[in-house]
Amino acid sequence: MKKIELLAPAGDEEALKAAIMAGANAVYMGGSRFGARAFAGNFEDDKLIDAVDYAHQMGVKIYITANTIIKDEEIGDFLNYIDFLYEIGVDAVILQDLGMIDIISKRIPDLELHASTQMTASTAQDVLFLKELGVSRVVLSRELSYDEISAIKTETNIEVEAFVHGALCVSYSGKCLFSSMNGMRSGNRGMCAQPCREPYKATVENKPLLDKEYVFSTKDLNTLDILEDLIDAGIDSLKIEGRMKRSEYVFAVTSAYRQAIDNTIMKHEPSISSLDMNYGALELDKVFNRDFTKGYIGQDKGSKIMNHKFQKYVGKPVAKVIEYDRKSKRLMLELLDTLTKGDGLNTGEFVGRILKKDTIVKSADKGEIVAIDSIKKFEPGFIVYKTFDKIFMDDVSSRMSRVKKIPIKAFVEIRNNNYPTLILNDYKGNTGEYKLEEYTTTALNKPTTRESIIDQIQKMGDTPFFVDSIEVSVDENIFIPIKTLNLLRREAVSLLIESQSNSNKRVVESKSEFNPAKINHSKKSKKELKWSVLIHKQEQFEAAIKFNVDRVYVHGYKLYSLLSKKYPNKNIYYALPPVIKQSDISIIDKMLKSNPNIKVLHSSLGYIESQIFENVVLDYPLNLLNSFSHNLMHKKSCETTITPEMIFSIGGSLDYIDDIQMVEMPVYLYPKLMITEYCPHKNDDGVCKYKKCMLEHTQITSKQSEEYVLKKSINCKTILYPSKPKHININAVNNFIDKGFSKFRVELLNESYDETINILESYL
């Protein structure tokens, strides 16, 4: 069986050490800039250098997340940062920005680039496009099953990586604008506020949708039970989510997967581990989780993916309240599980005294009646959950405190009237050789024994090494002081560490300052203004064609097919689904083959270079924020769309874009806040409760009374829209015209004929 990489997260130094101690083959982490977890501990530049050196000493790879979309004004700093990462020896950089992948792959061709899951690579065509762009590994979309992954792996000759444990996004990762459009905190810039974890009121035709308060909150992924299936699917790297998690979490989860991988590879025979780690699925219930699912990768469906009761870790049931004594401020409990002094509870308190029949005990077992101190009152029947298991966490901490050492070989040569020499070698070819610049002498009284020399050289103390083989070449009747042997050992160790560190260092050969010339598009001759309209209903189309619009984008294939036949002389484009999975390809291909020379609006990586389209406009879910991403797509004969994040959230400019006439700007739209596999009307088996789709009859309302609209996409995917549009006024449009823009888009949702007329009149 091929070697499988176990990839663990690290948000800080403690988590890095925990991941390595637990048996990770590689660790991914972020620097202080440009990572998709801006609120993790992350690593400043000097700490990154230390982290890379330490990991490489331990034989572990380091991948750095630089997976945000980049503004024009940040590109110089971003590329300098990538140069720095290359020079300190990181093994790979994880990226999302298409323009930056293109630049870096040409600037530093031997730097390994991994495509982030933010890029939503969901088909073999997506993966092949990224491979052609210069990517050596693709982190696949979390929504793929292991069968879909297997099909992708079969069709592509590239490494694939998949998440196997940890928090899930309900939306396709890079296709989510929920946080950005609602709270100005962009998930594509590492600042997601997680609005999907908030409570919402859901109704169907004004009737409550069961008791689903947390409509969009997912369970946590756990694939230990299906790990062999994932390995059989061809996944090269199994990835654990958790850069925001504590080191104990990282250690426990990584240990569990290390054991599971080793057991799978060895056909479930006991794996050999110097640390005797033995964590399994049951124990992982004791670290942070929102209940577990096998996820889409394990072919769980519908509500099986979701946790509608809780949006955060609530632990395991440990007791039921019998009564509360106001006078003594004690809770009387019937235990449902073991309770220990120091356990944390969902009451917000830690267990102090445990009283069993007025006797103080350190712990009590399931079925026993006990009392604990509590300043909070809870009614009889209230279920208390354990959120911190002291015994388990103490065990984890104890295992983490053990020191992992690197095996090295030692060769000592001590000759009469010569310089003593010590050579230390690790198993990666690094060497530390030190020759003492003082002669050894013949012993006058008691010579230094061979055993004494070996004993001193093997004393590695708090260094990261242990000597697993030693060769000694020494003359008889030699005297060498103990302090001299110690000096010999210390200096050789220091030189070995230096050799290990230097072995990873590189130089950017084509390094140069990034200083492209800005283009003043406003000085160029003004182009005729062209307006496009995206429609969902036929009456919107009937209204739009009364105006001199350049083109109409049609959502929904049936409507497109009807209108393109009825109005053959109109410039009509089919708006492809915003997300296309491997399992959707056959449906899409059938549609496209029935319409030769079709014009499309789409956001699928795999169709960017397709030859089956007459004209292509790339839509905003591709997250093209900077000029270089736009320029790259223009070279591929595609027009592009400005992301709403630039207009309504994070800002930015397009100072270096070559042909601004190839760019279209949405000025009135309902941004696609989320695109998700999940439908709130499906049961645990993924079967819809209704005979006809009720998504468009479903209302979602936040606690702040913000309302949202749901729409159906291909294969029952769900698109979440705001109920109110984002828009800029005509004065703002004129400002963009002054900057050289000439193509603008109005995107409609549920507007009537008359409303469409009014909106278009206000702009056109």
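Miscellaneous remarks
- The lone exception for residue 655 - which of (1) assigned to a helix (DSSP H, G or I); (2) in contact with a helix residue (DSSP H, G or I) (Cβ under 8 Å, 6 or more places away or on another chain) it fails: (1)
- Residue in the stretch 342-357 that is modelled with pLDDT of 95 or more, surrounded by fewer than 19 Cβ atoms within 10 Å (Cβ to Cβ) and assigned to a loop (DSSP other than H, G, I, E, B) present: yes
- Being outside any loop (DSSP other than H, G, I, E, B) and without any contact (Cβ under 8 Å) to a residue 12 or more places away in the chain holds for only one residue in 322, 360, 372, 391, and it is 360.
- Among residues of the stretch 639-659, those that are more than 23 Å from residue 726 (Cα to Cα) and surrounded by fewer than 23 Cβ atoms within 10 Å (Cβ to Cβ), counted: 4
- Qualifying residue in the stretch 732-743 (condition: assigned by TED's automatic domain parsing to the domain that holds residue 539, surrounded by 15 or more Cβ atoms within 10 Å (Cβ to Cβ) and touching a Pro at 6+ places or on another chain (Cβ under 6 Å)): no
- The stretch 67-111, residues that are under 18 Å from residue 129 (Cβ atoms) and either of a type in the set (Asp, Glu) or without any contact (Cβ under 8 Å) to a residue 24 or more places away in the chain (or both): 97, 102
- Any hit, the stretch 1-8, residues being surrounded by 20 or more Cβ atoms within 10 Å (Cβ to Cβ), touching a helix residue (DSSP H, G or I) at 6+ places or on another chain (Cβ under 8 Å) and either of a type in the set (Val, Ile, Thr) or part of a helix (DSSP H, G or I) (or both): no
- Among the residues of the stretch 49-104, those that are among the hydroxyl-bearing types (Ser, Thr, Tyr) and either part of a helix (DSSP H, G or I) or in the same structural domain as residue 642 (by TED's automatic domain parsing) (or both) comprise 54, 81, 86.
- Among the residues of the stretch 86-139, those identified as surrounded by 24 or more Cβ atoms within 10 Å (Cβ to Cβ) and over 23 Å from residue 152 (Cα atoms) are 90, 100.
- Residue 649 meets all of the listed conditions (1) touching a Phe, Trp or Tyr at 6+ places or on another chain (Cβ under 9 Å); (2) at pLDDT 90 or above; (3) of a type outside the set (D, E, K, R) but one, namely (1).
- Of residues in the stretch 598-638 being free of Cβ contacts under 8 Å to residues at least 24 places away in the same chain and among the β-branched types (Val, Ile, Thr), the one surrounded by the most Cβ atoms within 10 Å (Cβ to Cβ): 616
Results for (1) surrounded by fewer than 13 Cβ atoms within 10 Å (Cβ to Cβ); (2) in a strand (DSSP E or B); (3) out of contact with any helix residue (DSSP H, G or I) (no Cβ under 6 Å at 6 or more places or on another chain); (4) hydroxyl-bearing (Ser, Thr, Tyr), shown as yes or no for each residue.
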position	(1), (2), (3), (4)
384	no, yes, yes, no
395	no, no, yes, no
402	yes, no, yes, no
434	no, yes, no, yes
438	yes, no, yes, no
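- The set of residues in the stretch 714-757 that are in a strand (DSSP E or B), of a type outside the set (Lys, Arg) and touching a residue at least 60 places away in the same chain (Cβ under 8 Å) comprises 719, 720, 722, 727, 744, 746, 747.
- Subset of the stretch 1-56 (residues that are within 15 Å of the chain's Cα centre (by Cα), over 23 Å from residue 403 (Cβ atoms) and modelled with pLDDT under 95): 30, 31, 34, 35, 36, 37, 38, 39, 40, 42
- In summary, residue 694 fulfils each of the numbered conditions (1) out of contact with any helix residue (DSSP H, G or I) (no Cβ under 9 Å at 6 or more places or on another chain); (2) among the aliphatic types (A, V, I, L, M); (3) closer than 26 Å to residue 189 by Cβ with the single exception of condition (3).
- Put simply, of 747, 751 the only residue that is crowded, with 20+ Cβ neighbours inside 10 Å and over 33 Å from the mean Cα position of the chain (by Cα) is 751.
- The single condition from (1) surrounded by fewer than 22 Cβ atoms within 10 Å (Cβ to Cβ); (2) within 14 Å of the chain's Cα centre (by Cα); (3) in the same structural domain as residue 141 (by TED's automatic domain parsing) that residue 191 fails is (3).
- Counted residues, the stretch 540-575 - those being in a loop (DSSP other than H, G, I, E, B), without any contact (Cβ under 8 Å) to a residue 40 or more places away in the chain and out of contact with any Lys or Arg (no Cβ under 7 Å at 6 or more places or on another chain): 5
- Hey, residue 636 under 18 Å from residue 100 (Cα atoms) and of a type in the set (Lys, Arg) or not: yes
- Residues of the stretch 666-698 satisfying the condition of being surrounded by fewer than 19 Cβ atoms within 10 Å (Cβ to Cβ) and outside any helix (DSSP H, G or I): 683, 684, 685, 686, 687, 688, 689, 690, 691, 692, 693, 694
- Residue selected from the stretch 485-522 under the condition without any contact (Cβ under 8 Å) to a residue 12 or more places away in the chain and not polar (S, T, N, Q), by the criterion farthest from residue 628 (Cα to Cα): 490
The values are calculated or read from the model by the stated rules, or taken from the named source; none is laboratory data. Because the structure is a prediction, the values reported are computed rather than measured. All Cβ positions, even for glycine, are placed from backbone atoms using ideal geometry, and neighbour counts span all protein chains on display.
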